[in-house]
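*Asks:* The structure that follows is given in the form of structure tokens.
The values are calculated or read from the model by the stated rules, or taken from the named source; none is laboratory data. Only a predicted model underlies this, so the values are computations on that prediction, with no experimental measurement involved. As a convention, Cβ positions derive from the backbone with ideal geometry for all residues, glycine included, and neighbour counts pool all protein chains shown.
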Amino acid sequence: MKKLFLLSAAMMLISTGAFAQSTVVTTTGTGHAAAVQIEPQYRTRIKSYVTENHLRPVTTKEKIIVGATVPSEVELVAVPSDWGPSLSKYRYVYSGERVMLVDPGTRTVVQEVD
């Protein structure tokens, strides 16, 4: 009984630690996983950027979601440097009141920032 209790407690600690991580792993439509790390202070900067620059959302026939390919007629915008060094390789699209991070090579949405 004591071993079962200790094992349960250890599993709870492990699972709690997993939820505390700031790294988000998303799966793209091609089956490849991409780790996108956005620290809390950069999330705040992204939200401020959207508000201060009055970004106009793009409209498309299909809803832009994580894992989807952004249509070629949609312009991908370079990520500002103050969004953090881990995001510099991505581009973004503002759609549905959310910033969508896009892999410019594949035009696949890898992260949604709401």
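*Asks:* Given region 4-114, what strands (runs of 3 or more DSSP E) lie entirely inside it while holding 3 or more residues that are modelled with pLDDT under 90?
*Replies:* The qualifying strands (runs of 3 or more DSSP E) are 23-27, 33-37.
*Asks:* Report every pair of residues separated by at least 6 positions or lying on different chains whose Cβ atoms are under 7 Å apart, first residue within region 37-49 and farther than 14 Å from ASP114 by Cβ and without any contact (Cβ under 8 Å) to a residue 60 or more places away in the chain, second of a type in the set (S, T, N, Q) and in a helix (DSSP H, G or I).
*Replies:* Note: pairs meeting the criteria are GLN37/SER86.
*Asks:* In region 51-81, what residues are in contact (Cβ under 8 Å) with a residue 40 or more places away in the chain and not hydrophobic (A, V, I, L, M, F, W, C)?
*Replies:* PRO57, GLY67, THR69, listed by residue number.
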